[in-house]
Every structure is written in C-alpha cells, then in structure tokens.
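Enquirer: Would you mind keeping the following structure in view while I ask a few things?
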Amino acid sequence: MPGRLTLGRRRFAPSPGFTALMLVLCVVFVALGRWQWRRGEAREAQHARFERGAREVLALGAAPLAHVPDYQQVSVTGTYDAAHQFLIDNMSYRDLDGYHVLTPLERPGGRTVLIDRGWVPFLGTRSKLPDVSLASTGPVTVVGRVGDLPAAGLSFGRAPPAASGPWPRVASFPTLRQLSGALGRPLAPRIILLDPGAADGYVRDWQLPGIPAMQNFGYAFQWWCFAVAAAVIWLLVSVKRLQRSAAERPETTR
C-alpha cells in the first residue's frame, strides 16, 4: 500500500486505487510503445530487403518462386495466357480508382505464375472493363519483383472471381487458391510485379505496403509520452496541501 510522506505543508498520500489504475496505464502505454518500435524495426528491415532486391536480377530458368526472397528482381521466360486475365478491383493510384491486371505466364515445365502488369483506371462503370489485350503472342522474358497479391485490411472488401463467364474476370482481394480455381490450373505461391521498364505493362509505381518506419517510431514515442504523463498526473494528484491549524492562522483585526 502506498505510504504517506509529509514535506512542509504538503503531504504525499497516493490513493491505492488510483495508484493501481495509473500503474496499469503506464504498463499498457510502455508495452504499446515497444510494440510500435518493433513494428518500425520490421519495416526498416523490409525496406532494406526492398532496396537489396533491386540491385541485381536473378535469372530463375525453370526454378520455382517458392524460396526466392521477398522483392527480389527475377527474370522468367514463358508465354502469356492473354485469353485468361484477372482485374483486381478496388486498387487506387493517386486517389483514382482502378484495377491491377494479373496475367498468367505459362513457364516451361507446366508451371504458371501470375504477372501483375500494373494499374489501369476505372472507366466509370463495372459493365465496361478496360482493354488489357496483349501485343506479345510468343515466348517472352519477364523481369520483375517477387511479391504477393494485394491484401485487404478488412474482410468485407473481398470477392472471388466468377467461376464462369467471359474474360477478363474481376475480383476484389482474392486468394491465390480462388484465382487458381477460376483459372482451372495450379498457380505459383507468389506473383511477379512487372518491372516499370518492361513492355506490355501499365502504371507500375511499386511501393512497400503499409506506413513508413518513422511513423511507427513516432507512434512509439507518443505512447511513451502517455506513460510519462500518467506518472506525472499520479504524482500531482497524490500530493495534497495540508490545512493550517487554528494556531497557525493569522489573526484578523476588527
């Protein structure tokens, strides 16, 4: 139980209940600050991988994508399946609505990998889809970064592609399994983000998902400031001014 300490005309007498509340708040604020700091460190490491992956192009040949590091630049050879493409809905670029164009690339050995050819604008109605036809009809060598499908922050924004109907087919934050089912063949566990300088692409301003690392560090500092503020409030509230005794009160003249 907190003790009592008298200093001059002030007494430090913290309330047990209020002390427990402030202690819990301080622990929570410190823990949230540490969590945000670790997230910032993870973002810094992710950014380092992003920069490191752009330094050289890894020629995959017939090797699978499964064990290639995140954001590594690779080159793969195959043939585009222009007749079966996906448009990933709810993709924005500079506050404009649009789609990401995913095109299957048939690699040697029967492997299929999806190539994200970039962003195209929404044409104002879902009944009119953008033209994403391909000029390339033969074997091509594709250069791009190894990545993942766009992920939704909330589950209610997801919609798989239609199981039947005309192509291209629209989907909103689908899984690879759903795309594989609509395509009718297995897909590689990763996709390739087409290099901005490559042919047959659209807008490809690839950025790391999420907020910058410095923003996480800023949030961590804010949480720790809250912990300090809670401790200061506890200290101020716990210090009480003593009442003067009758003998100490100045006499009033009539």
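Enquirer: Return a yes/no flag: does segment 128-151 have any residue that is exposed (fewer than 11 other Cβ atoms within 10 Å of the Cβ), in contact with a helix residue (DSSP H, G or I) (Cβ under 8 Å, 6 or more places away or on another chain) and part of a loop (DSSP other than H, G, I, E, B).
Expert: no
Enquirer: Moving on. Which residues, taken from segment 67-90, are of a type in the set (S, T, N, Q) and either surrounded by fewer than 18 Cβ atoms within 10 Å (Cβ to Cβ) or at positive phi (or both)?
Expert: Of everything in segment 67-90, those that are of a type in the set (S, T, N, Q) and either surrounded by fewer than 18 Cβ atoms within 10 Å (Cβ to Cβ) or at positive phi (or both) turn out to be Ser75, Thr77, Thr79, Asn90.
Enquirer: Scan segment 199-254 for residues that are among the aromatic types (Phe, Trp, Tyr), touching a Gly at 6+ places or on another chain (Cβ under 6 Å) and modelled with pLDDT under 85 and report the count.
Expert: 0
Enquirer: Still on this structure, please answer the following. Quick check: anything in segment 47-66 modelled with pLDDT under 85, out of contact with any strand residue (DSSP E or B) (no Cβ under 9 Å at 6 or more places or on another chain), acidic (Asp, Glu) and open to solvent by 40 Å² or more (accessible area, probe 1.4 Å)?
Expert: yes
Enquirer: Can you tell me which of (1) more than 30 Å from Val57 (Cβ to Cβ); (2) at pLDDT below 90 is the one Ala182 doesn't meet?
Expert: (2)
Enquirer: What is the one condition in (1) in contact (Cβ under 8 Å) with a residue 60 or more places away in the chain; (2) more than 20 Å from Ala182 (Cα to Cα) that Tyr99 does not satisfy?
Expert: Answer for Tyr99: the failing condition is (2).
Enquirer: Among the candidates Arg107, Arg34, which residue alone is among the basic types (Lys, Arg), at pLDDT 90 or above and out of contact with any Asp or Glu (no Cβ under 6 Å at 6 or more places or on another chain)?
Expert: Of the residues listed, the single one that is among the basic types (Lys, Arg), at pLDDT 90 or above and out of contact with any Asp or Glu (no Cβ under 6 Å at 6 or more places or on another chain) is Arg34.
The values are calculated or read from the model by the stated rules, or taken from the named source; none is laboratory data. No experiment lies behind these values; they were computed from the predicted model shown. Every residue, glycine among them, receives a Cβ derived from its backbone with ideal geometry; neighbour counts consider all protein chains shown. When the accessible area is computed, the model is the full protein with side chains, heavy atoms only, and any ligands, DNA or RNA have been set aside. Shrake-Rupley method; radii C 1.70, N 1.55, O 1.52, S 1.80 Å.
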